[in-house]
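Everything below concerns the one structure shown next.
Coordinate-derived values only; no laboratory data. The shown structure was predicted, so the numbers you read here are calculated from the model rather than taken from an experiment. Ideal geometry is used to build each Cβ from the backbone, glycine not excepted, and the neighbour counts take in all protein chains shown.
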Amino acid sequence: MGHFLLQEYLHQTGLDTMYPRAALVASDPYGPPPDVKSASVDDHFSHLSALNQITTLCNQIQSDCRNLHNHKYMAHQVALLYTTLTKFANVKALVEFRTSIETTFKSLKKSLSTEHPQLSEDMRN
């Protein structure tokens with residue numbers, strides 16, 4: 001039963017898409033190891049790099065929301081975050097964030113198109 005829960009968890013969180021070899025091993029831990037030749041270390045590093053970029057952008061945006069008095073580049077940072085999130089289109093856990101950006105981006109950009117760009121209090125949250 002625990003084995004089924006692990007597979008379900010990996011699928012629901014999108015980890016099976018991000019780490020297909022690990023999901024394969026988890027699905028049959030006593031089976032033959034996955035073909036090492038088919039695994040690309042470059043793909044793994046690419047995923048890790050994109051995850052790092054998401055984390056870094058989120059931290060930067062959060063810090064800028066709290067500390068800056070001029071939010072001139074906030075729309076650009078959010079656009080970069082969205083672009084990076086689209087690399088993980090199959091990860092269900094990130095769909096909510098992409099959708100949130102899609103629904104609020106125009107109003108964010110409009111609110112920052114002033115002489116002194118400042119995020120509203122509700123946009124900061």
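Separation between the ASN90 and LYS72 pseudo-spin-labels, each 7 Å from Cα along Cα→Cβ, expressed in nm?
4.2 nm
I need the calculated FRET efficiency for the pair ALA26 and ILE61, taking r as the beta carbon distance and R₀ as 25 Å, to the nearest 0.05.
0.15
Student exercise: in the chain, how many lysine pairs 8 or more apart or on different chains have Cα atoms under 24 Å apart?
Taking the chain as the scope, the lysine pair count is 7.
Stretched out fully, how many nm does the piece from ASP122 to THR83 gain, at 0.36 nm a residue minus the Cα gap?
Using 0.36 nm per residue and subtracting the Cα-Cα distance, I get 11.7 nm.
What do you get when you divide the Cα radius of gyration of the chain by 2.2 N^0.38 Å, with N the number of residues?
So the Cα radius of gyration is 1.38 times the expected 2.2 N^0.38 Å.
Computed FRET efficiency, Cβ-Cβ of THR99 and TYR9, R0 35 Å: what is it to the nearest 0.05?
Computed FRET efficiency for THR99 and TYR9 comes out at 0.95.
Convert each backbone phi in segment 77-91 into a coupling constant with the Karplus relation 6.51 cos²θ - 1.76 cosθ + 1.60 (shift: θ = phi - 60°), then list the ³J(HN,Hα) values in order as whole Hz, x for Gly and Pro.
Ordered by residue, 3J(HN,Hα) equals 5, 5, 5, 4, 4, 4, 4, 5, 5, 5, 5, 10, 4, 8, 8 Hz.
Express in nm, to one decimal, how much length is gained between LEU48 and SER113 on full extension, taking 0.36 nm for each residue of separation and deducting their alpha carbon distance.
Here the answer is 20.0 nm.
Given the rule -39500 (n - 2.57) for each run of at least 4 DSSP H residues, summed and divided by the residues of the chain, what is its mean residue ellipticity at 222 nm, to the nearest 500 deg cm²/dmol?
Helix contribution divided over all residues of the chain: -22000 deg cm²/dmol.
In debye, nearest 20, what is the charge dipole magnitude of segment 11-86 about its Cα centre with +1 on Lys and Arg Cβ and -1 on Asp and Glu Cβ, if you could check?
Dipole about the Cα centre, nearest 20: 320 debye.
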